[in-house]
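The values are calculated or read from the model by the stated rules, or taken from the named source; none is laboratory data. Keep in mind it's a predicted model, so treat the numbers as computed, not measured. Methodologically, a virtual Cβ is constructed for each residue, glycine included, from the backbone with ideal geometry; neighbour enumeration extends over all protein chains shown. Just so you know, the surface numbers come from the protein's heavy atoms only, side chains and all, with ligands and any DNA or RNA stripped out. Shrake-Rupley method; radii C 1.70, N 1.55, O 1.52, S 1.80 Å.
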Amino acid sequence: MQPSEVKALLEDRLDGCEFHIQGEGCNFQVVAVGEAFEGLSPVKRQQMIYGALNEEIASGALHAVSIKTYTPQQWQAATDNQGA
């Protein structure tokens, strides 16, 4: 799979989130930003992403997926800190 394919799957299956995907083959890093993560534990956030990619993981099309999730406010703070 290509990063653009993973991004398209996630955009199709999770509304209101922005995705940044890196990787190749069956190993990807997913950064997801969205209001949907507000108030959720880190485990619940990851479960949302894994749930959206369950078919591809089960089929072996995706093997290793590392996930980072942020609310828009957390993302803004994280990107602001990278420049400091």
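Taking the criterion of being on the phi < 0 side of the Ramachandran plot and assigned to a loop (DSSP other than H, G, I, E, B), the residues of segment 54-84 that qualify are A61, L62, H63, T71, A84. Contact map, segment 55-84: first residue touching a residue at least 60 places away in the same chain (Cβ under 8 Å), second residue part of a loop (DSSP other than H, G, I, E, B) and among the hydrophobic types (A, V, I, L, M, F, W, C), Cβ cut-off under 8 Å, separation 6 or more or different chains; pairs are A61/M1; A61/C26; L62/M1; L62/C26; L62/L53. Of all residues in segment 11-60, those satisfying the criterion of being more than 22 Å from T79 (Cα to Cα), under 12 Å from the mean Cα position of the chain (by Cα) and open to solvent by less than 40 Å² (accessible area, probe 1.4 Å) are L14, A52, L53.
For segment 54-69, a residue qualifies if it is in contact with a helix residue (DSSP H, G or I) (Cβ under 6 Å, 6 or more places away or on another chain) and under 25 Å from E38 (Cβ atoms), and the qualifying residues are I67, T69.
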